[in-house]
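Okay, structure first, notes after.
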Amino acid sequence: MKKETLGAVLKDYALITIGVIIAASAIYFFLMPSHLVVGSIAGMAIVITELTGLSMTVVTMGLNILFLILGLIFVGREFGVKTIYTSLLLPVVLGVWEHIFPDFTSIMGEPFLDLICFCLFVAMGQAILFCRNASSGGLDIAAKILNKYFRLDLGVALTLCGTVVSLSAAFAYDLKTVILSLLGTYLSGTVLDHFLFGINSKKKVCIISEENDVIREFVLHDLCSGATLYEAVGAFTNEVRQEITVIVNKAEYSKLMAFISKTDENAFVTVYTVNEIIYRPKNL
């Protein structure tokens, strides 16, 4: 394996490990003490166990295996392999917290506040995993399948899957718990989308300037980014000008705007937020 490839793989799995630790911590410190059933594989297992009398361990293992197989078939081998790793790591992290903090009780002392904290931290962990083409297993895999084949936002897909589980929890829990679970499922999906868009978002910058050649050289050679050139015609003067369009990340955006301000303070610049880019990279 090439050195740069090995480094990329190690970085990938380091980030995945961090994502799992965050998600597992959210479950142990906020979800479990308040006995909430936010739509998840654990919630589904609890309902099935209640209805069938089967062991929680057996049901959870069976559901994980089922969803892992579906992930390998419908999402891809890489996603499945990473998810096997996270599915094994998640209970290990939970076991570590259980050993260090046995009989842990609620930090907030209020189920609703625990729910808010859980949604925030678990969505953060899931966003890291999804961005590395992995998941924490279970319903995350179902959400990934819906995202791939129906182009649903991951947050929306996760909310749909979780809602089904939360509603089924009515067979095992009281109405208050079901309502909190539904609320938590919705909040988790919303916060997940926020984190995903925040991680993936880029800026589309359109520039018309007297110093277009200088700005284009900066984009190509200093930012090492691509750019597209368009002809723009002024409606009032009918003057033909050249517009540079470039898509950059947040760090590149700051450098680009600083350079434009220094190079041509009269430049006409429009900026848009871009949440998704689909393209085939050139082989250099």
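The values are calculated or read from the model by the stated rules, or taken from the named source; none is laboratory data. This structure is a prediction, so every number in the text was calculated from the model and none was measured. Using ideal geometry, Cβ is built from the backbone for each residue, glycine included, and neighbour counts are taken over all protein chains shown. Heavy atoms of the whole protein, side chains included, go into the accessibility calculation; ligands, DNA and RNA do not. Shrake-Rupley method; radii C 1.70, N 1.55, O 1.52, S 1.80 Å.
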Give me the pairs: first residue in segment 1-24 and at pLDDT 85 or above, second residue basic (Lys, Arg) and open to solvent by 60 Å² or more (accessible area, probe 1.4 Å), beta-carbon distance under 6 Å, and six or more apart or on different chains, which are they?
12/132; 15/132; 16/132
Can you name every residue in segment 160-177 that is of a type in the set (Val, Ile, Thr), modelled with pLDDT of 75 or more and open to solvent by less than 60 Å² (accessible area, probe 1.4 Å)?
163, 165
Of the residues 143, 157, which is of a type in the set (Gly, Ala, Ser), at pLDDT 75 or above and either in a loop (DSSP other than H, G, I, E, B) or closer than 19 Å to residue 86 by Cα (or both)?
143
Could we say that residue 260 is modelled with pLDDT of 90 or more, in a strand (DSSP E or B) and among the hydrophobic types (A, V, I, L, M, F, W, C) here?
no
Condition first: surrounded by fewer than 16 Cβ atoms within 10 Å (Cβ to Cβ) and part of a helix (DSSP H, G or I). Now tell me which residues in segment 95-115 satisfy that.
95, 96, 98, 99, 100, 112, 113
For the subset of segment 187-211 comprising residues that are surrounded by fewer than 18 Cβ atoms within 10 Å (Cβ to Cβ) and in a helix (DSSP H, G or I), which member is modelled with the highest pLDDT?
190
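Let's see how each residue does on (1) under 12 Å from residue 21 (Cα atoms); (2) touching a helix residue (DSSP H, G or I) at 6+ places or on another chain (Cβ under 7 Å); (3) at pLDDT 80 or above:
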{"residue": "78", "(1), (2), (3)": "no, no, no"}
{"residue": "94", "(1), (2), (3)": "yes, yes, no"}
{"residue": "97", "(1), (2), (3)": "yes, yes, yes"}
{"residue": "109", "(1), (2), (3)": "no, no, no"}
{"residue": "131", "(1), (2), (3)": "no, yes, no"}
Tell me which of these residue 58 doesn't satisfy, since it passes every other one: (1) surrounded by fewer than 21 Cβ atoms within 10 Å (Cβ to Cβ); (2) at pLDDT 80 or above; (3) more than 24 Å from residue 133 (Cβ to Cβ).
(2)
Filtering segment 212-260 for residues that are open to solvent by less than 80 Å² (accessible area, probe 1.4 Å) and closer than 24 Å to residue 274 by Cβ leaves a count of 31
Looking only at segment 40-53, decide whether some residue is modelled with pLDDT of 75 or more, out of contact with any helix residue (DSSP H, G or I) (no Cβ under 6 Å at 6 or more places or on another chain) and either crowded, with 23+ Cβ neighbours inside 10 Å or of a type in the set (S, T, N, Q) (or both).
yes
